[in-house]
Amino acid sequence: METLILKLSSGLEYIADICADVLINSGIVIFPTETVYGIGAHAFRKDAVEKIFKIKGRKRDNPLIFHVSNYDMIYSLADVSGRVKKIIEEFMPGPLTVVLKSRISKEFTFGLETIALRMPDNLVALKIIEKLSFPVVAPSANISGSPSGTDFSHVFEDFNGKVDVIINGGKTVFGIESTVIDMTTEPFSLLRPGAVSKEELEEKGVNVVFPETEDLLKRSPGTRYRHYAPNALVVPVNTESELHEKMKDYRGKKVAFIGLNPVKSIFFKEVIFHNVAEYGRLLYATLRYLDAVSVDVIFAFLPEKTGIGLAICDRLKRASER
Ligand code: TXA
Ligand code: MG
């Protein structure tokens, strides 16, 4: 298949018209969002949705997020109480995904009673969905299990020739996926930490708790699988002495280090981020780069589990599972 590459300089209207047409006809479009790139399809066309699972190699029991462009779309797809409405209007558009009780047939919600909804804070993404009379289901644009695409070059490498359109939207803003909260539970559950921090939610009066592991696996199928992992082995560490201890197991290997502060040791590659926001923004790009230079082991110094740091720790932990 020949993939059409669209540049932002072609103009928003032009891009959106082409992508809307492709999606209406069950085609697949890769588009930028403020978090990571998404690989999108018509939410109500079985043939289109099926293509996403095939192209990504994604497990069929892992449901997709419905991307919308306005509040009314949300209210037609899910049951929304007054309280939830306020939260939605506070955080959307933005990197928060909410799981609500669905109002549509289970045929389209991957057999679930619930539906995950997100309004991306990205002009191109919003403009495309605005042109449509249906939501766009879109997982992160990456081969299942690998780091998500956060730059055009990533999605081009993984999907050129496999999808109808790729929009070149440059680098994404956050570089880490949206925060997923389940609002069907009381209190709300944090299914996936992400670009909106727990503290930012709490500041607006939204309290979320971590579900018990077993419960989480049941309610957030995506968390069942190893994820976000490069080919290299990822070894998260909390302290410099832990790092030195663990390094002994990998003598003779091509070893890399990533973190917020340099440590006293010699590495084949070393990536030091200026701050935790940059750690998040460049994490996946860095994992991809270290694969490209054939590193065997990546030691990742974990940031504090506050703000975006919580999501970074979550991704590193899951990338390290074998
Ligand atoms: O930032 C993002 O959220 C990106 C961009 C493209 O929007 N999308 C993304 O999608 O990360 P994906 O498919 O990689 O992750 C979606 C997560 C999965 O863990 C999935 O299991 C969960 O959301 N999910 C989807 N629908 C759900 C539902 N009804 N109940 C619980 N979890 C759900
Ligand atoms: Mg994903």
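For the reader, a short list of remarks on this structure follows.
- Estimated distance in nm for a label pair at Lys106 and Ser10, the labels positioned 7 Å out from Cα along Cα-to-Cβ: 4.1
- Helix 12-24 vs. the chain, principal-axis angle (Cα, 0 to 90°, nearest 10): 80
- Nearest-10 value in Å² for the accessible area of Asp158, using the 1.4 Å probe: 30
- One Cα centroid belongs to the range 1-75, the other to the range 112-156; the line between them spans 6 Å.
- Stretching Asn25 away from Tyr250 to a fully extended chain increases their span by 75.9 nm, per 0.36 nm per residue minus the current alpha-carbon distance.
- On Cα atoms only, tilt of 82-91 relative to the major axis of the chain in degrees: 60
- Most to least accessible of His227, His244 (protein chains only, probe 1.4 Å): His244, His227
- Sites Glu50 and Lys269 - FRET efficiency at Förster radius 56 Å, r taken between beta-carbons, to 0.05: 0.90
- With a 1.4 Å probe rolled over the protein heavy atoms of all chains, the accessible area of Val209, Val293, Val49 falls in the order Val209, Val293, Val49, largest first.
- In loop segments of the range 244-322 as defined by DSSP, the GluC sites (Glu not before Pro) with at most 15 further C-beta atoms inside 10 Å of their C-beta are Glu304, Glu321.
- In the chain, the DSSP-assigned H stretches of four residues or longer account for a calculated mean residue ellipticity at 222 nm of -9500 deg cm²/dmol, using -39500 (n - 2.57) per stretch and the full residue count as denominator.
- Between Lys131 and Ser294, the FRET efficiency estimated from the beta carbon spacing at R0 = 56 angstrom works out to 0.85.
- Count of Lys pairs (Cα-Cα under 18 Å; at least 8 positions apart or interchain) in the range 204-322: 11
- The solvent-accessible area of Lys246, taken with every protein chain present and a 1.4 Å probe, is close to 70 Å².
- In Å², nearest 10: area of Ser220 left accessible to a 1.4 Å probe: 20
- Debye intensity ratio I(q)/I(0), log10, the chain, q values 0.15, 0.16 Å⁻¹ (C-alpha model): -1.23, -1.37
- All lysines inside 22 Å of Lys51 as judged from Cα atoms, apart from same-chain residues fewer than 8 positions distant: Lys59, Lys106, Lys131, Lys162
- Computed from Cα positions, the angle between helix 309-320 and the longest principal axis of the chain comes to roughly 80 degrees.
- Set of lysines with alpha-carbon distance to Lys171 below 18 Å, sequence-local pairs under 8 removed: Lys7
The values are calculated or read from the model by the stated rules, or taken from the named source; none is laboratory data. As the structure is a prediction and not an experimental result, all values here were calculated from the model. Here Cβ is always computed from backbone atoms with ideal geometry, including for glycine, and neighbour counts include all displayed protein chains. Accessible surface is based on the protein model in full, side chains and every heavy atom, while ligands, DNA and RNA are left aside. Shrake-Rupley method; radii C 1.70, N 1.55, O 1.52, S 1.80 Å.
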